[in-house]
Every structure is written in structure tokens, then in C-alpha cells.
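Enquirer: Here it is, the structure, as C-alpha cells.
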Amino acid sequence: MYVRPFNRDRTKVMISVGFLAVFSLMLLVTYLSVSTLTRVNTSMADLIHNTEQKTTLAYQMRDMIRVRSYEVRAMAQTLDWQERENLFDQLTSTTRTYNQARLSLTTLGANEPEKEILNRIAEADHRAQDAYGKASNRIYAMVHDPEALKAAISSVQLSELVLLNHLNRLVQLEKELAKEALVENQLRYSETRSWLIASVSLAFVVSILISAAVISRVSAANRRIKHLANHDDLTGIHNRRSFEDTLAHIIKTYGRTRQNVGVLYLDFDRFKIVNDTCGHHAGDQLLIQISTLILSCLGPDDVFARVGGDEFAIIARGDSIDDILALAEKIRESVEQFQFTYLSQTFSISASIGVIEVTGEENDLETLLQDVDSACYVAKQWGRNRVHLADPSDDEVVKYRNDIAGMHHIRHALDTDLLQLYYQPVHEILEQGTAMVHCEILLRIINENGDIFSPAEFIPIAEKYNLMAEIDRWVISNVMQWVATYQVDHEIPRLLINLSGLSFVDEDFLEFVVAELESNDIDPTRIAFEITETAAVDNIAQANVFIEKLRAIGCRFALDDFGTGFSTFEYLKAMPVDYLKIDGSLVKNITTDSVNREMVRAINDIGHTVGAKTIAEFVEDEATVQILRDMGVNYAQGYGLRRPEPLERLVGQLPGSEGHMSEWREAS
């Protein structure tokens with residue numbers, strides 16, 4: 001079943017933001033709680049301190065009034081002038097203390113009831129001051145009038161009594177205000193506590209909601225992960241893992257269910273054209289649309305999966321293999337009729353489909369997938385846009401499977417260093433005998449069992465599956481390391497190294513060769529590169545650039561397998577090669593085949609005409625050597641002269657090897 005792809009996952013962001021919000025909310029509530037309680041406590045402490053100050057000052061004023069009343073009565077009663085003076089000084093001091101207390105009280109600030117009482121106290125105090133003045137005049141009068149003095153003292157006592165009443169009212173007011181303030185602060189504290197409880201509760205509820213949202217998001221993400229584990233993110237259909245798990249289960253349970261099941265393997269022809277022309281976004285849109293199209297052709301029990309870039313597979317069910325083949329044909333026709341439009345450009349594509357029936361005879365999943373993949377390959381090889389049913393006896397399928405196995409074997413050899421360098425001497429043909437002057441570097445693959453595979457067995461596969469560039473780099477790197485190791489103590493002959501057609505048209509490969517020569521401090525004249533005739537003719541412009549740049553630093557070049565295509569004679573004069581290697585298929589039977597003999601003679605003459613020296617391949621006996629000598633061929637190479645050997649054996653045969661009489665000589 002098709003499921004729309006999910007949008008970009010933001011679960012981590014959601015979780016981070018959620019927990020940050022919860023943490024921030026709790027910090028805010030904690031801060032507000034502490035600050036509010038601190039403010040309430042501070043306010044209560046200030047109120048208590050202020051009230052205590054006011055009450056203390058009011059008591060002090062009241063006490064001073066009482067003392068002052070006593071001192072006035074005492075002054076009126078004593079006749080001793082000295083004692084009267086002392087009492088007057090005390091009265092003055094008491095009045096000063098009273099005034100200071102009253103001044104302090106007024107600076108503390110007052111509310112309306114306090115202001116009203118303080119105003120009355122001020123008025124009463126003013127009347128008391130007048131009464132004190134009159135009483136003082138009577139006390140110090142020259143004529144003693146007891147009745148007048150008594151009246152003055154009574155007036156002072158009356159004024160002091162009024163003042164005391166006001167002060168008592170002030171003390172009582174301060175007590176009441178303190179009690180009211182305490183009640184008010186208790187109420188505020190209670191309200192604050194209730195607010196804090198509500199805030200904490202709200203924060204808790206919000207935290208639960210945020211946590212629930214995060215949990216919901218995480219659950220959705222887990223579902224998404226589970227979905228993505230079995231589905232393709234672009235198209236929403238099953239992925240390779242889900243497809244293979246389902247197919248493996250069908251194979252495992254086939255004996256019990258006996259379902260009629262077939263596997264379809266689809267490869268879209270001309271998909272690369274869309275990608276290269278309009279970009280990968282267009283390719284993605286094409287895959288989405290084509291997936292939707294194919295889904296419309298399938299039944300509810302069929303499993304449709306994307307198993308590669310533009311490769312898809314289907315597990316289809318039907319009453320027979322004919323039904324499954326009919327489904328494959330229906331899909332092929334639907335894709336063929338489909339028109340893909342992108343930015344005003346319209347493209348037509350087609351599908352090559354391989355089909356295999358699940359019969360229960362398959363031993364494992366891998367074998368079945370290889371067979372259906374091979375059937376898809378055959379469909380492409382036979383012209384594309386067709387359906388091919390896998391048949392174990394199909395020669396094309398068998399060849400394809402062998403190629404795939406060979407490709408994996410080559411890849412394994414590259415990864416595990418199972419490649420091995422060999423050499424075969426190239427002999428100069430002298431007037432009498434031959435002498436070894438150069439070496440051709442050859443390559444072998446040796447498996448874990450010690451079996452040796454020649455280039456004829458693996459080079460065609462490597463070329464077909466684009467592994468030759470990597471093999472060429474391995475050969476260059478290892479040959480350069482070998483030369484760097486032994487060139488100080490030995491005379492290294494010129495080494496002829498084979499290159500594939502793909503390497504010498506690669507600018508990066510040219511830079512790689514130069515870098516290897518320089519980093520290993522190799523004399524470039526010790527190195528020659530062989531390029532096959534067909535590869536050179538197919539890419540003559542690039543071949544000439546490659547040859548000229550390396551010849552400029554001293555390397556030499558040989559045109560290999562010359563004579564396999566006579567159309568190349570006209571190109572020979574345009575190619576700056578140093579050696580012309582005559583193809584062995586012409587050389588090996590020149591002792592008995594006059595046509596081949598004359599062809600070799602003609603190629604040798606042409607080579608000399610363009611300034612190249614000639615090398616005959618596949619020389620297997622002395623009679624062939626003699627014919628080549630008579631023709632004027634410069635060099636010979638073949639099993640009749642020396643069989644290939646591992647490169648490490650060459651060291652002991654080179655000039656400079658201790659205790660060895662070398663068979664090698666400098667080429668003339």
C-alpha cells in the first residue's frame with residue numbers, strides 16, 4: 001500500500017523546545033514565588049518596625065507630659081529659689097525631649113487619622129505652652145498671690161490633661177493601625193500563597209500538556225522511523241529491506257502455502273537522460289509519478305518496492321505464471337504510454353522487466369534475486385522495453401550471472417590485494433640469437449586457493465563493469481613502488497605497462513601517473529605504456545594528448561595488438577608511438593601461413609616507415625624468430641623465448657644482482 005512520504009523530522013527540536021519551556025516555566029514560577037514572599041515579608045517587617053517606632057515615640061511624649069506636669073507643680077510648691085532653678089532646668093530638658101519625640105513622630109509619615117490627632121496634639125501643645133508661660137510668670141512674680149498661682153497651675157494641668165488624652169488616643173490609634181496592618185498583611189500573604197499555588201498548578205498542567213505533546217511527537221517519530229525502516233522515503237512504497245524480508249518469508253513458507261507467486265524486476269530505460277537533462281529533482285518527480293502509475297496496475301496483495309536508484313521490484317500473486325506475465329506486460333505497456341513532462345520538456349520512457357516464478361525449488365533469496373536480475377538484464381540486452389521470463393538454461397542469463405560473479409571476484413581481489421604483477425621479457429632480435437632488453441608488465445589474479453587467473457579471464461569483465469581505471473591505478477602505483485625499491489642497486493630495464501582505453505582519456509589519470517613518477521623519483525625513460533589499437537583509434541584525439549604529454553617528460557609508448565583492424569593504417573602516421581606491437585594472432589603461425597607472413601612483413605615495414613620499432617608477439621619457436629629476423633623485426637616476445645614469471649623474481653636477474661651473470665643488455 002502506498003503511503004505519502006513524511007515531511008522533514010523535527011522531533012529533536014520539538015523535544016528540546018518542550019523541555020526548555022517546562023524548565024523555563026518552573027524557573028519563572030519559582031522566581032515569582034520567592035520574590036513575592038520576600039516582598040510580603042519585607043513589607044510586614046517594615047510595618048511592624050514603623051508601628052513600633054510611632055508607638056514608642058507616642059509613649060515617650062506622654063511620659064514627658066506627665067513628668068513636665070509634676071515638675072511645674074513642684075516649682076509652684078517650693079520656696080527655695082535654688083531648688084526652683086533646678087526644677088526649671090529639668091522642665092526645660094523634659095520639654096526638649098518631648099519636642100524631639102514629636103518631631104521624630106512627624107517625620108515617620110502619617111495617614112489621615114494620624115494626621116488629625118497630630119494636629120490636635122499640636123493645638124493642645126500650643127495651649128499648654130501658653131499655660132506654662134503664665135504659670136512661670138506667677139511662680140517668679142515679685143508679689144506672691146497663692147490664688148493666682150493656683151489658677152495658673154490648674155490651667156497647666158488642664159492643658160496637660162487635654163494633651164495626654166490626645167496622646168492616649170494616638171497610642172490607641174497606633175495599636176489599632178498595627179493590628180489592621182497585621183490583618184491586611186496576613187490577608188495579602190494568604191492571597192499570595194493562593195496565587196502561588198494556582199501558578200504552580202498551572203505550571204504543572206502546562207508541563208503535563210507540553211510533555212504530552214512531546215510524547216505524542218516522539219511516538220509519531222517512532223512510527224515514522226518504523227515506517228522508514230520498511231519504506232522508501234521518496235516514493236512511499238516498500239524499500240529493499242521490506243521487499244527482501246517479505247520474499248524470504250514467502251520462500252520459507254512456500255511448502256505450506258503453495259501460493260502462485262512471481263517476482264518482477266523493473267529497470268527504466270532512458271531514466272538517465274531525464275536526470276542528465278533536467279537534474280535530479282526531475283528524476284525524483286519521474287520516480288514518484290511512475291510509482292503511482294505502477295501502483296494503479298497492482299492488486300491489493302501485491303508488494304511494490306524500490307530496490308535501487310531507478311530499479312523496482314514487485315511480488316505479484318496470480319492463478320498461474322501466465323497471470324503474472326500478463327501483469328508484467330500490462331505494466332510495460334502503461335510505462336510505454338506514459339509521458340513525463342518537466343518544465344515544458346516531455347520525455348518518453350520504457351521498462352525492461354525480468355520475471356521469475358517462485359516454485360519452492362530456490363535454495364535461498366540471493367539466488368532467486370540473481371536469477372530475476374539476470375532476466376531483467378537479458379530484457380535490456382534484447383532491445384529494452386520488453387518482458388523476459390527467467391530460464392535457468394538461458395545462455396544469456398548464465399553468461400550474465402558469470403559476469404556478475406567475476407565482477408565481485410575482481411572487486412574482492414582489489415580490496416584484499418589478491419592482484420599480482422608478472423613480467424615477460426621482450427627480446428631484441430640480433431644477427432645471432434636474442435637478448436632480453438625490455439619487460440612487459442602483466443597482471444594476474446590469485447584467489448585464496450592459489451588458483452591463477454589470466455587477464456583474458458577478467459579484463460573483459462573489468463572493462464564491461466568500469467573497473468579498469470581502478471586496476472590501472474593499482475598497477476601503476478605498485479610498479480612505481482617496485483622500481484623505486486630496486487633502482488638504486490640495479491639496472492632496471494624498460495617496463496612496458498598496459499593501459500585500458502578509459503584511463504588515457506581521463507585527465508585525472510594523467511596527473512596521477514606524473515605524480516607517481518615524481519613522488520617515487522622514477523626515470524621516465526624506464527617506463528613505456530601500451531595502448532591497444534582499437535582503443536587508440538576510438539579515442540585518437542585524447543590518446544595523442546596523453547601520449548604527447550608523457551613523451552615530453554621521457555616516457556615511451558607502444559601501440560599494442562596492431563593488425564586487428566586495417567582501418568587504422570591511416571591513423572598510424574598521426575600517432576607519436578615508439579613501438580608497434582604486431583598482434584600475436586598474425587605472428588604465431590607465420591611459419592606455415594604465407595598470408596599471415598606477408599601481413600606481418602607489411603606491418604613491420606609500415607612501422608619502420610613511421611619511425612617505430614616493431615615487436616612481434618606470440619613467438620613460440622626458433623623458426624619464427626628466424627623469419628622475423630629475416631624480415632627485420634626489432635623485438636620478439638612469447639612463450640618460445642620466456643614464459644611470464646612473478647615480478648619479484650626479476651630482481652635476481654638484473655645487472656647489479658650479487659653473484660649473478662645478467663642475461664640482460666641495453667637495447668640497441
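The values are calculated or read from the model by the stated rules, or taken from the named source; none is laboratory data. What you see is a predicted model, and the numbers here were worked out from it, not measured in a lab. Positions of Cβ are backbone-derived with ideal geometry, glycine not excepted, and every protein chain shown enters the neighbour counts. These accessible areas exclude ligands, DNA and RNA; they are computed on the full protein's heavy atoms, side chains included. Shrake-Rupley method; radii C 1.70, N 1.55, O 1.52, S 1.80 Å.
Enquirer: Please give the number of the condition Leu209 fails out of (1) open to solvent by 90 Å² or more (accessible area, probe 1.4 Å); (2) among the aliphatic types (A, V, I, L, M); (3) more than 36 Å from the chain's Cα centre (by Cα).
Expert: (3)
Listed here are the residues, each with its yes/no results for (1) aromatic (Phe, Trp, Tyr); (2) more than 15 Å from Ala131 (Cβ to Cβ); (3) out of contact with any Ser or Thr (no Cβ under 8 Å at 6 or more places or on another chain).
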residue: Ala152; (1), (2), (3): no, no, yes
residue: Gln157; (1), (2), (3): no, no, no
residue: Glu160; (1), (2), (3): no, no, no
residue: Leu163; (1), (2), (3): no, no, yes
residue: Val171; (1), (2), (3): no, yes, no
residue: Leu177; (1), (2), (3): no, yes, no
residue: Leu182; (1), (2), (3): no, yes, yes
residue: Glu191; (1), (2), (3): no, yes, yes
residue: Leu196; (1), (2), (3): no, yes, no
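Enquirer: Restricting attention to region 337-380, which residues are more than 36 Å from the chain's Cα centre (by Cα), over 29 Å from Gly279 (Cβ atoms) and of a type in the set (S, T, N, Q)?
Expert: Thr359, Asn363
Enquirer: Then there's this: Return the only residue of Pro493, Pro460 being more than 35 Å from the chain's Cα centre (by Cα) and in contact (Cβ under 8 Å) with a residue 24 or more places away in the chain. Can you show your working first?
Expert: On the way: Pro460 fails: in contact (Cβ under 8 Å) with a residue 24 or more places away in the chain.
After applying the criteria, what remains is Pro493.
Enquirer: It is to be established whether one or more residues within region 394-407 are modelled with pLDDT of 85 or more and hydrophobic (A, V, I, L, M, F, W, C).
Expert: Checked region 394-407: at least one residue is modelled with pLDDT of 85 or more and hydrophobic (A, V, I, L, M, F, W, C).
Enquirer: Among the residues of region 463-484, which ones are charged (D, E, K, R) and either within 15 Å of Asp523 (Cα to Cα) or surrounded by fewer than 19 Cβ atoms within 10 Å (Cβ to Cβ) (or both)?
Expert: Glu463, Lys464, Glu470, Arg473
Enquirer: Can you say whether Ala212 is part of a helix (DSSP H, G or I) and under 30 Å from Phe312 (Cα atoms), as far as the supplied structure shows?
Expert: When the stated conditions are applied, Ala212 does not pass them.
Enquirer: Further, regarding this structure: If I filter region 378-389 down to residues being in contact with a helix residue (DSSP H, G or I) (Cβ under 7 Å, 6 or more places away or on another chain) and modelled with pLDDT of 85 or more, which single residue comes out as nearest to Leu327 (Cα to Cα)?
Expert: That would be Val387.
Enquirer: Continuing with the same structure: For region 434-466, how many residues are at pLDDT 90 or above and either at positive phi or not basic (Lys, Arg) (or both)?
Expert: The number of residues fulfilling the criteria is 11.
Enquirer: Here are Ser242, Ser207, Ser190, Ser201: which of them is touching a residue at least 12 places away in the same chain (Cβ under 8 Å), among the small types (Gly, Ala, Ser) and more than 30 Å from Phe304 (Cα to Cα)?
Expert: Residue meeting the stated conditions: Ser207.
Enquirer: Here are Ile225, Ile273: which of them is open to solvent by 70 Å² or more (accessible area, probe 1.4 Å), farther than 25 Å from Glu366 by Cβ, modelled with pLDDT under 85 and aliphatic (A, V, I, L, M)?
Expert: Result of the check over Ile225, Ile273: Ile225.
Enquirer: Would you say Thr56 is under 25 Å from Ala124 (Cβ atoms) and of a type outside the set (Asp, Glu)?
Expert: Yes; evaluated as a whole, the condition is true for this residue.
Enquirer: Could you count how many residues in region 92-117 are in contact (Cβ under 8 Å) with a residue 24 or more places away in the chain and either surrounded by 18 or more Cβ atoms within 10 Å (Cβ to Cβ) or farther than 23 Å from Glu174 by Cβ (or both)?
Expert: Of the residues in region 92-117, 8 are in contact (Cβ under 8 Å) with a residue 24 or more places away in the chain and either surrounded by 18 or more Cβ atoms within 10 Å (Cβ to Cβ) or farther than 23 Å from Glu174 by Cβ (or both).
Enquirer: Go through Glu85, Glu71 for me and flag whichever is more than 19 Å from Leu173 (Cβ to Cβ), among the acidic types (Asp, Glu) and open to solvent by less than 40 Å² (accessible area, probe 1.4 Å).
Expert: Details: Glu85 fails: open to solvent by less than 40 Å² (accessible area, probe 1.4 Å).
From the options Glu85, Glu71, the qualifying one is Glu71.
Enquirer: Residues that are without any contact (Cβ under 8 Å) to a residue 12 or more places away in the chain, among the acidic types (Asp, Glu) and either in contact with a strand residue (DSSP E or B) (Cβ under 9 Å, 6 or more places away or on another chain) or within 23 Å of Phe338 (Cβ to Cβ) (or both): does region 261-278 have at least one?
Expert: yes
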